[in-house]
1. How much length, in nm to one decimal, is gained on full extension between residue A:171 and residue A:143, taken as 0.36 nm per residue of separation minus their Cα-Cα distance?
2. log10 I(q)/I(0), Debye, Cα-only the range B:115-180, no solvent, q = 0.12, 0.26 Å⁻¹?
3. If you take the alpha carbon radius of gyration of the range A:52-198 and divide it by 2.2 N^0.38 Å, what ratio comes out, to two decimals?
4. What average count of beta carbons from other chains do you get within 10 Å of the Cβ of residues in A:57-64?
5. Would you calculate the convex hull of the Cα atoms in the range A:112-198 and tell me its volume per residue in Å³?
């Protein structure tokens, strides 16, 4: 009996330590960007690069707003494995939001990923194991260029993508110039100007 | 550009109001308003990255273990020159430029505001190492935010760049809001 009690006590004590998450209750997250060139880059493994983006994990929030107006290029690059690269995007994992607004204007957007198990989002809204109300989304950009080299990679350009997610109405307005996508490797998933539900 | 970076270390800790910055700082005729009205309840650990190093330029960096942060945190920068923050090698590194950063699972119940209006460049770089974060013109939170608003406004800037070169478990944010 003592050993059982000890095990139970040890489990209870360890629970608060094992979890690490964020919670946004009645919170408004607003990212407003106006100006020149924005870039984020990482090299190595298990990396995340965000440029002109809102990235939320394990949280519960109200209205999420991402507003970017750039006269230059927005770019995010990653080299290695298990990378997540977001440019001018709203990305939610295991989260809840009342509504999402993502409005992007840029002269150009450029993402480059080299490695395996990578995700590259450009001007996109991505909900992964998440729930959101209305999604209002617009993208106006000159040239979009993305390169992915590796395996098990996913690329979203000007898209709204749901994976194991629930959502309200989706309003999408896309005005893009030339779109160039270069992908090499295996098990690639590419979505351009699309709404994808998985 | 990086050669311009003068080295100035600022550590300011008070019980009722807190402003914490450490590392290199580059002022070129800038007007900085780092208004941090913070109440800390619980333990505060200003050296949590003991094996690494961090730089915060023109920004606010609150970190703690099981720390409750109430009231508002405002970081306002106007008419600054280039703002550059660099960390080279090591572990648990941070390079923050014109950013508000909350780390180590803090509980925030106030609003977080980062307003940057400058024609200069914002640059944050971490070179090599592990568990690195580079923030430029960003609000980054690792913890719980229970109410209020997170507002990040970056206007009229030059280039905004965040780079992590080599290493593992890295994150680079530029002109973004990242809540994990």
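Read-outs throughout are calculated quantities, based only on the coordinates presented, and are distinct from any laboratory measurement. Everything quoted here is computed from the prediction, not taken from an experiment. Neighbour counts are summed over all protein chains in view; Cβ atoms, including those assigned to glycine, are modelled from backbone coordinates with ideal geometry.
1. Length gained between residue A:171 and residue A:143: 7.8 nm.
2. Rounded to two decimals, the profile gives -0.34, -1.07.
3. The range A:52-198 yields a ratio of 0.96.
4. 3
5. 74
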